[in-house]
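A quick write-up on the structure given underneath.
The values are calculated or read from the model by the stated rules, or taken from the named source; none is laboratory data. Everything quoted here is computed from the prediction, not taken from an experiment. So basically every Cβ, Gly included, is an ideal-geometry build from the backbone, and we count neighbours across all protein chains shown. Side chains included, ligands, DNA and RNA excluded: accessible areas come from the protein's heavy atoms. Shrake-Rupley method; radii C 1.70, N 1.55, O 1.52, S 1.80 Å.
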Amino acid sequence: MVRLTDYVTSGGCACKIGPHILERVLKSVTSVTNERVLADMTGADDAGVYKISDTLALVQTLDFFTPVVNDPVLFGKIAAANALSDVYAMGGTPLTAMNIVGFPISLVEQGVLTDVLNGAASIVAESGAAIVGGHSIENKEPIFGMSVTGQVDPNHIWKNKGAQVGDVLVLTKRIGTGIMNNALKADLFPTGTAQAVASMSTLNRVAAEVAHNFTIHACTDVTGFSLMGHSVEMASASNVTIHIKTYDIPLFDDVIEAAQMGLVPAASYGNRKAITDVQVDANLDGVWTDIFFDPQTSGGLLFSVPATEGADLVKALLDVGVEGATIVGAVESFSGLAVRVTK
(Lines give C-alpha, C1' and ligand atoms only; values in the text may rest on other atoms or scores of the structure.)
Protein backbone atom coordinates (compact mmCIF):
# COMPACT_ATOMS: atom_id res chain seq x y z
CA MET A 1 0.00 0.00 0.00
CA VAL A 2 1.32 3.44 -0.93
CA ARG A 3 2.12 5.78 1.98
CA LEU A 4 1.87 9.23 0.44
CA THR A 5 3.45 10.92 3.46
CA ASP A 6 6.66 8.93 2.83
CA TYR A 7 7.28 11.10 -0.24
CA VAL A 8 7.27 14.45 1.58
CA THR A 9 9.32 16.26 4.22
CA SER A 10 6.29 18.10 5.66
CA GLY A 11 2.58 17.90 5.01
CA GLY A 12 -0.44 20.13 4.53
CA CYS A 13 -0.25 23.81 5.41
CA ALA A 14 2.88 23.06 7.47
CA CYS A 15 4.82 22.87 4.18
CA LYS A 16 4.18 26.52 3.28
CA ILE A 17 6.97 29.09 3.10
CA GLY A 18 7.39 30.67 6.52
CA PRO A 19 5.36 33.85 6.99
CA HIS A 20 8.40 35.86 8.14
CA ILE A 21 10.18 35.01 4.87
CA LEU A 22 7.13 35.44 2.66
CA GLU A 23 6.32 38.85 4.16
CA ARG A 24 9.80 40.15 3.27
CA VAL A 25 9.49 38.83 -0.28
CA LEU A 26 6.03 40.31 -0.89
CA LYS A 27 7.10 43.74 0.35
CA SER A 28 9.42 43.94 -2.66
CA VAL A 29 6.82 42.80 -5.20
CA THR A 30 5.15 45.42 -7.37
CA SER A 31 1.41 45.58 -6.76
CA VAL A 32 -0.81 45.40 -9.86
CA THR A 33 -4.40 46.38 -9.15
CA ASN A 34 -7.27 48.66 -10.18
CA GLU A 35 -10.36 50.30 -8.74
CA ARG A 36 -12.50 47.16 -9.16
CA VAL A 37 -10.31 45.15 -6.79
CA LEU A 38 -12.07 45.03 -3.42
CA ALA A 39 -9.63 42.69 -1.65
CA ASP A 40 -6.09 41.62 -2.46
CA MET A 41 -2.88 40.42 -0.79
CA THR A 42 -2.21 43.81 0.84
CA GLY A 43 -4.95 43.28 3.43
CA ALA A 44 -3.98 39.73 4.48
CA ASP A 45 -7.45 38.61 3.41
CA ASP A 46 -8.15 35.01 2.47
CA ALA A 47 -8.93 35.62 -1.22
CA GLY A 48 -9.00 38.29 -3.88
CA VAL A 49 -12.30 39.98 -4.71
CA TYR A 50 -13.06 41.71 -8.04
CA LYS A 51 -16.21 43.78 -8.52
CA ILE A 52 -18.29 42.93 -11.59
CA SER A 53 -21.37 45.03 -10.80
CA ASP A 54 -23.09 46.71 -7.87
CA THR A 55 -24.52 43.35 -6.82
CA LEU A 56 -21.87 40.85 -7.96
CA ALA A 57 -18.17 40.32 -7.28
CA LEU A 58 -15.85 37.42 -8.03
CA VAL A 59 -13.88 35.73 -5.26
CA GLN A 60 -10.64 34.10 -6.42
CA THR A 61 -8.21 31.93 -4.50
CA LEU A 62 -5.86 28.99 -4.85
CA ASP A 63 -4.24 26.59 -2.43
CA PHE A 64 -2.17 23.43 -2.72
CA PHE A 65 0.07 21.37 -0.48
CA THR A 66 1.72 18.01 0.12
CA PRO A 67 -0.10 14.99 1.65
CA VAL A 68 -1.11 15.03 5.31
CA VAL A 69 -2.58 11.51 5.12
CA ASN A 70 -1.63 8.33 3.30
CA ASP A 71 -5.06 7.56 1.86
CA PRO A 72 -5.16 9.26 -1.57
CA VAL A 73 -8.94 9.73 -1.53
CA LEU A 74 -8.75 11.45 1.85
CA PHE A 75 -5.84 13.60 0.69
CA GLY A 76 -7.94 14.81 -2.24
CA LYS A 77 -10.87 15.56 0.05
CA ILE A 78 -8.75 17.51 2.54
CA ALA A 79 -6.97 19.54 -0.14
CA ALA A 80 -10.28 20.42 -1.82
CA ALA A 81 -11.98 21.40 1.45
CA ASN A 82 -9.00 23.56 2.30
CA ALA A 83 -8.97 25.35 -1.07
CA LEU A 84 -12.73 25.99 -1.02
CA SER A 85 -12.54 27.38 2.52
CA ASP A 86 -11.08 30.73 1.46
CA VAL A 87 -14.19 31.51 -0.57
CA TYR A 88 -16.42 30.74 2.42
CA ALA A 89 -14.17 32.90 4.62
CA MET A 90 -14.92 35.90 2.41
CA GLY A 91 -18.67 35.31 2.70
CA GLY A 92 -18.84 33.89 -0.82
CA THR A 93 -20.18 30.85 -2.63
CA PRO A 94 -17.80 28.71 -4.76
CA LEU A 95 -18.72 28.34 -8.44
CA THR A 96 -15.83 26.58 -10.20
CA ALA A 97 -12.57 24.85 -9.31
CA MET A 98 -9.46 23.89 -11.26
CA ASN A 99 -7.08 21.13 -10.15
CA ILE A 100 -3.41 21.85 -9.44
CA VAL A 101 -1.31 18.66 -9.62
CA GLY A 102 2.34 17.86 -9.10
CA PHE A 103 2.95 14.14 -8.91
CA PRO A 104 5.81 11.58 -9.07
CA ILE A 105 3.93 9.66 -11.74
CA SER A 106 6.98 7.53 -12.60
CA LEU A 107 7.22 6.32 -8.99
CA VAL A 108 3.59 5.98 -7.95
CA GLU A 109 0.97 4.12 -9.98
CA GLN A 110 -1.52 6.27 -11.88
CA GLY A 111 -4.47 4.89 -9.92
CA VAL A 112 -3.25 6.75 -6.83
CA LEU A 113 -3.58 10.08 -8.62
CA THR A 114 -7.00 9.01 -9.88
CA ASP A 115 -8.05 8.42 -6.29
CA VAL A 116 -6.77 11.86 -5.22
CA LEU A 117 -8.77 13.54 -7.98
CA ASN A 118 -11.90 11.52 -7.22
CA GLY A 119 -11.66 12.41 -3.54
CA ALA A 120 -11.43 16.08 -4.42
CA ALA A 121 -14.30 15.80 -6.88
CA SER A 122 -16.60 14.44 -4.17
CA ILE A 123 -15.96 17.48 -1.96
CA VAL A 124 -16.40 19.93 -4.84
CA ALA A 125 -19.71 18.26 -5.68
CA GLU A 126 -20.76 18.65 -2.05
CA SER A 127 -19.99 22.37 -2.27
CA GLY A 128 -22.19 22.77 -5.35
CA ALA A 129 -19.29 24.02 -7.47
CA ALA A 130 -18.00 22.43 -10.70
CA ILE A 131 -14.51 21.31 -11.71
CA VAL A 132 -13.72 22.92 -15.05
CA GLY A 133 -10.09 21.95 -15.70
CA GLY A 134 -6.63 22.11 -14.21
CA HIS A 135 -2.91 21.79 -14.77
CA SER A 136 -0.34 19.13 -13.89
CA ILE A 137 3.42 18.64 -13.75
CA GLU A 138 5.63 15.72 -12.75
CA ASN A 139 7.13 16.45 -9.36
CA LYS A 140 9.28 14.56 -6.83
CA GLU A 141 6.92 15.36 -3.98
CA PRO A 142 3.20 14.90 -4.58
CA ILE A 143 1.25 18.15 -4.34
CA PHE A 144 -2.41 18.78 -4.93
CA GLY A 145 -4.82 21.66 -4.56
CA MET A 146 -7.24 23.87 -6.42
CA SER A 147 -7.81 27.29 -7.85
CA VAL A 148 -11.34 28.31 -6.91
CA THR A 149 -13.63 31.04 -8.24
CA GLY A 150 -16.73 32.08 -6.34
CA GLN A 151 -19.21 34.89 -6.09
CA VAL A 152 -20.10 37.33 -3.33
CA ASP A 153 -22.25 40.41 -2.84
CA PRO A 154 -19.72 43.30 -2.98
CA ASN A 155 -21.66 45.03 -0.21
CA HIS A 156 -21.40 42.07 2.16
CA ILE A 157 -17.82 40.82 1.94
CA TRP A 158 -16.33 39.28 5.08
CA LYS A 159 -12.81 40.60 5.66
CA ASN A 160 -10.12 40.46 8.34
CA LYS A 161 -10.80 44.12 9.00
CA GLY A 162 -13.91 45.07 10.92
CA ALA A 163 -13.71 43.40 14.34
CA GLN A 164 -15.31 45.77 16.86
CA VAL A 165 -14.67 46.35 20.55
CA GLY A 166 -17.20 44.28 22.50
CA ASP A 167 -17.37 41.48 19.91
CA VAL A 168 -16.77 37.85 20.80
CA LEU A 169 -14.78 35.42 18.66
CA VAL A 170 -16.42 32.21 17.51
CA LEU A 171 -14.26 29.38 16.14
CA THR A 172 -15.92 26.56 14.18
CA LYS A 173 -13.32 23.75 14.24
CA ARG A 174 -10.97 22.26 16.78
CA ILE A 175 -7.27 23.18 16.86
CA GLY A 176 -4.29 20.84 16.53
CA THR A 177 -4.20 19.44 12.99
CA GLY A 178 -0.47 20.08 12.54
CA ILE A 179 0.41 18.16 15.69
CA MET A 180 -2.08 15.41 14.89
CA ASN A 181 -0.69 15.06 11.37
CA ASN A 182 2.71 14.29 12.87
CA ALA A 183 1.04 11.81 15.23
CA LEU A 184 -0.62 10.18 12.22
CA LYS A 185 2.73 9.72 10.47
CA ALA A 186 4.04 8.08 13.63
CA ASP A 187 0.92 5.84 13.94
CA LEU A 188 0.11 7.31 17.37
CA PHE A 189 -3.05 8.62 19.07
CA PRO A 190 -5.68 7.03 16.79
CA THR A 191 -8.63 8.82 18.42
CA GLY A 192 -7.23 12.32 18.03
CA THR A 193 -5.89 11.69 14.53
CA ALA A 194 -9.25 10.30 13.37
CA GLN A 195 -10.95 13.45 14.67
CA ALA A 196 -8.42 15.63 12.86
CA VAL A 197 -8.83 13.79 9.55
CA ALA A 198 -12.62 14.07 9.77
CA SER A 199 -12.34 17.79 10.54
CA MET A 200 -9.89 18.51 7.73
CA SER A 201 -12.09 16.81 5.15
CA THR A 202 -15.20 18.71 6.24
CA LEU A 203 -16.27 21.77 4.26
CA ASN A 204 -16.81 25.11 5.99
CA ARG A 205 -19.95 25.48 3.85
CA VAL A 206 -22.51 24.77 6.58
CA ALA A 207 -20.76 27.03 9.09
CA ALA A 208 -20.68 29.88 6.57
CA GLU A 209 -24.34 29.39 5.64
CA VAL A 210 -25.39 29.58 9.29
CA ALA A 211 -23.23 32.65 9.92
CA HIS A 212 -24.98 34.57 7.14
CA ASN A 213 -27.96 34.80 9.49
CA PHE A 214 -25.86 36.76 12.00
CA THR A 215 -23.91 40.03 12.12
CA ILE A 216 -20.39 39.17 10.99
CA HIS A 217 -18.02 42.08 11.58
CA ALA A 218 -14.88 40.18 10.50
CA CYS A 219 -13.94 36.66 9.44
CA THR A 220 -10.94 34.56 8.48
CA ASP A 221 -10.24 30.86 8.22
CA VAL A 222 -7.56 29.43 10.49
CA THR A 223 -4.93 27.69 8.39
CA GLY A 224 -1.13 27.53 8.15
CA PHE A 225 -0.46 30.79 10.00
CA SER A 226 -2.02 29.25 13.15
CA LEU A 227 -4.76 30.49 15.45
CA MET A 228 -2.38 33.14 16.78
CA GLY A 229 -1.24 34.28 13.34
CA HIS A 230 -4.73 34.71 11.94
CA SER A 231 -5.92 36.39 15.15
CA VAL A 232 -3.03 38.86 14.89
CA GLU A 233 -3.98 39.64 11.28
CA MET A 234 -7.59 40.32 12.28
CA ALA A 235 -6.58 42.43 15.27
CA SER A 236 -4.02 44.45 13.31
CA ALA A 237 -6.39 45.11 10.42
CA SER A 238 -9.12 46.18 12.86
CA ASN A 239 -6.88 48.24 15.20
CA VAL A 240 -8.04 46.30 18.27
CA THR A 241 -6.64 43.82 20.76
CA ILE A 242 -7.97 40.26 20.64
CA HIS A 243 -8.16 38.42 23.95
CA ILE A 244 -7.92 34.64 23.57
CA LYS A 245 -8.92 32.44 26.51
CA THR A 246 -6.74 29.34 26.44
CA TYR A 247 -9.03 26.85 28.11
CA ASP A 248 -11.90 27.80 25.81
CA ILE A 249 -9.98 26.71 22.69
CA PRO A 250 -11.51 23.48 21.31
CA LEU A 251 -8.85 20.79 20.86
CA PHE A 252 -8.71 17.37 19.29
CA ASP A 253 -8.30 14.55 21.77
CA ASP A 254 -4.66 13.79 22.62
CA VAL A 255 -3.25 17.08 21.24
CA ILE A 256 -1.66 18.08 24.54
CA GLU A 257 -0.09 14.65 25.01
CA ALA A 258 1.19 14.62 21.42
CA ALA A 259 2.73 18.07 21.79
CA GLN A 260 4.38 17.02 25.05
CA MET A 261 5.97 14.14 23.11
CA GLY A 262 7.47 16.65 20.68
CA LEU A 263 5.16 15.94 17.72
CA VAL A 264 5.20 19.63 16.79
CA PRO A 265 5.62 20.72 13.13
CA ALA A 266 8.67 22.80 12.26
CA ALA A 267 6.26 25.39 10.86
CA SER A 268 5.02 26.02 14.39
CA TYR A 269 8.43 27.46 15.26
CA GLY A 270 8.40 29.51 12.05
CA ASN A 271 5.02 30.96 13.05
CA ARG A 272 6.36 31.75 16.50
CA LYS A 273 9.32 33.58 15.01
CA ALA A 274 7.12 35.63 12.68
CA ILE A 275 4.44 36.59 15.21
CA THR A 276 5.80 38.98 17.80
CA ASP A 277 2.73 41.04 18.72
CA VAL A 278 1.37 38.46 21.16
CA GLN A 279 1.48 38.27 24.95
CA VAL A 280 0.96 34.85 26.51
CA ASP A 281 0.20 34.41 30.22
CA ALA A 282 3.47 33.42 31.87
CA ASN A 283 1.65 30.90 34.08
CA LEU A 284 0.57 28.77 31.13
CA ASP A 285 2.40 25.51 30.47
CA GLY A 286 4.80 25.91 27.55
CA VAL A 287 3.04 23.17 25.59
CA TRP A 288 0.19 25.61 24.98
CA THR A 289 2.52 27.81 22.95
CA ASP A 290 3.06 24.89 20.58
CA ILE A 291 -0.71 24.60 20.20
CA PHE A 292 -1.29 28.34 19.75
CA PHE A 293 1.16 28.46 16.84
CA ASP A 294 0.34 25.05 15.36
CA PRO A 295 -0.21 25.34 11.57
CA GLN A 296 -3.75 24.25 10.74
CA THR A 297 -4.74 22.44 7.56
CA SER A 298 -8.34 23.00 6.41
CA GLY A 299 -9.11 24.68 9.72
CA GLY A 300 -12.29 26.36 10.86
CA LEU A 301 -13.71 29.84 10.39
CA LEU A 302 -13.05 32.52 13.00
CA PHE A 303 -15.91 35.01 13.30
CA SER A 304 -15.99 38.34 15.12
CA VAL A 305 -19.63 38.93 16.08
CA PRO A 306 -21.49 41.16 18.57
CA ALA A 307 -21.46 39.72 22.08
CA THR A 308 -25.26 39.69 22.04
CA GLU A 309 -25.19 37.20 19.14
CA GLY A 310 -22.23 35.00 20.10
CA ALA A 311 -24.05 32.35 22.13
CA ASP A 312 -26.88 32.16 19.58
CA LEU A 313 -24.38 31.69 16.74
CA VAL A 314 -22.64 28.88 18.63
CA LYS A 315 -25.97 27.18 19.34
CA ALA A 316 -27.06 27.48 15.70
CA LEU A 317 -23.76 25.96 14.56
CA LEU A 318 -23.95 23.10 17.05
CA ASP A 319 -27.54 22.42 16.03
CA VAL A 320 -26.46 21.70 12.43
CA GLY A 321 -23.49 19.54 13.41
CA VAL A 322 -20.61 22.05 13.52
CA GLU A 323 -19.34 20.34 16.64
CA GLY A 324 -16.22 22.46 17.18
CA ALA A 325 -18.17 25.73 17.47
CA THR A 326 -16.96 27.64 20.53
CA ILE A 327 -16.50 31.20 21.79
CA VAL A 328 -12.71 31.44 22.22
CA GLY A 329 -12.23 35.08 23.13
CA ALA A 330 -13.27 38.69 22.83
CA VAL A 331 -12.34 41.94 21.11
CA GLU A 332 -11.01 44.74 23.31
CA SER A 333 -9.77 48.29 22.83
CA PHE A 334 -6.23 48.39 21.47
CA SER A 335 -3.77 48.05 24.36
CA GLY A 336 -0.50 48.06 22.43
CA LEU A 337 -0.72 44.37 21.57
CA ALA A 338 -2.53 42.56 18.78
CA VAL A 339 -3.35 39.49 20.87
CA ARG A 340 -3.17 38.68 24.55
CA VAL A 341 -3.64 35.14 25.79
CA THR A 342 -4.81 34.23 29.28
CA LYS A 343 -6.05 31.11 31.01
> Quick one: which of 125-137, 308-320 comes out on top by average Cβ neighbours within 10 Å, and what's the full order, highest first?
Replying inline: 308-320, 125-137
> When only Cα pairs under 8 Å and 6 or more residues apart are kept, what is the percent relative contact order across the range 167-342?
Replying inline: 48 percent
> Sorted by accessible area (1.4 Å probe), largest first, how do L227, L95 line up?
Replying inline: L95, L227
> What is the distance in Å between the Cα centres of the range 289-343 and the range 135-186?
Replying inline: 15 Å
>> Given axes a ≥ b ≥ c from the Cα gyration tensor, I'd like to know whether the range 191-247 is rounded (a/c under 1.5), prolate (a/b larger than b/c) or oblate.
In response: oblate
> Sequence-distant or interchain residues sharing an amide H contact under 5 Å with I175, placed H: which?
Replying inline: L251, F252
>> Per residue of the range 26-38, what does 6.51 cos²θ - 1.76 cosθ + 1.60 with θ = phi - 60° give for ³J(HN,Hα)? Whole Hz please, x for Gly and Pro, Karplus curve as stated.
In response: 5, 5, 9, 8, 5, 7, 10, 8, 8, 5, 8, 7, 9
>> Once you keep just the Cα pairs under 8 angstrom separated by 6 or more residues, what percentage relative contact order results for the chain?
In response: 24 percent
>> Output wanted: per-residue J couplings in Hz (rounded whole) for the range 90-95, from phi through Karplus 6.51 cos²θ - 1.76 cosθ + 1.60, θ = phi - 60°, x for Gly and Pro.
In response: 8, x, x, 10, x, 10
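Only four residue types carry charge here, +1 at the Cβ of Lys and Arg and -1 at the Cβ of Asp and Glu. Report the dipole size of the chain about the Cα centre in Debye, rounded to the nearest 20.
That gives the chain a dipole magnitude of about 540 debye.
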>> Of all beta bridges DSSP finds with both residues in the range 4-156, what is the antiparallel percent, to the nearest 5?
In response: 75 percent
> Candidates [x] 56, 52, 46; [y] 74, 43, 38; [z] 61, 38, 38; which is the computed Cα extents along the principal axes in Å?
Replying inline: [x]
>> Under the rule a/c < 1.5 gives rounded, and otherwise a/b versus b/c splits prolate from oblate, where does the range 178-273 land using the Cα gyration tensor?
In response: oblate
>> Run lengths n ≥ 4 of DSSP H only: what is the helix-derived mean residue ellipticity at 222 nm for the chain, with -39500 (n - 2.57) per run over all residues, to the nearest 500?
In response: -10500 deg cm²/dmol
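Between I131 and D281, how high is the FRET efficiency from 1/(1 + (r/R0)^6) when r is the Cβ-Cβ distance and R₀ = 56 Å? Nearest 0.05. Provide the component values of the computation, followed by the final result.
Details: r = 46 Å, r/R0 = 0.82.
After rounding, the FRET efficiency stands at 0.75.
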> What residues have an amide H closer than 5 Å to that of I131, excluding those fewer than 5 places away on the same chain, when H is modeled at 1.01 Å from N in the peptide plane?
Replying inline: A97
> How much area per residue is accessible in the range 161-296 when the probe is 1.4 Å and only protein heavy atoms are counted (Å²)?
Replying inline: 36 Å²
> Local charge sum around F252 (other residues, Cβ-Cβ under 12 Å, Lys/Arg +1, Asp/Glu -1)?
Replying inline: -3
> To the nearest 10 Å², what's F189's accessible area with a 1.4 Å probe?
Replying inline: 50 Å²
> Sorted by mean Cβ packing within 10 Å, highest first, what order do the peptides 78-87, 247-256 take?
Replying inline: 78-87, 247-256
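Antiparallel versus total DSSP beta bridges in the range 167-342: what percent is that, nearest 5?
70 percent
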>> For the range 4-156, what does the relative contact order come out to in percent, with C-alpha contacts under 8 Å and a separation of six or more?
In response: 31 percent
> Which value, in Å³ per residue, describes the convex hull spanned by the Cα atoms of the range 4-156?
Replying inline: 118 Å³
> Which of the peptides 45-52, 296-303 is most tightly packed, and how do the rest follow, judged by the mean count of other Cβ atoms within 10 Å per residue?
Replying inline: 296-303, 45-52
> What net charge is computed for the residues neighbouring V108, neighbours being all others with C-beta under 15 Å from the C-beta of V108, Lys and Arg scored +1, Asp and Glu -1?
Replying inline: -4
>> To check you understand DSSP bridge types, tell me what percent of the beta bridges within the chain (both residues inside) are antiparallel, rounded to 5.
In response: 70 percent
>> How charged is the neighbourhood of S201? Take every other residue with its Cβ under 12 Å from the Cβ of S201, and add Lys/Arg as +1 and Asp/Glu as -1.
In response: 0
>> For the range 167-342, place one equal point scatterer on every Cα, skip the solvent, and apply the Debye formula. What is log10 of I(q)/I(0) at q = 0.13, 0.14 Å⁻¹?
In response: -0.59, -0.69
> To the nearest 10 square angstrom, what accessible area does E233 show with a 1.4 Å probe?
Replying inline: 50 Å²
> For the range 67-223, rounded, prolate or oblate, judged on the Cα gyration tensor with a ≥ b ≥ c (square roots of eigenvalues), a/c < 1.5 rounded, else prolate if a/b > b/c?
Replying inline: oblate
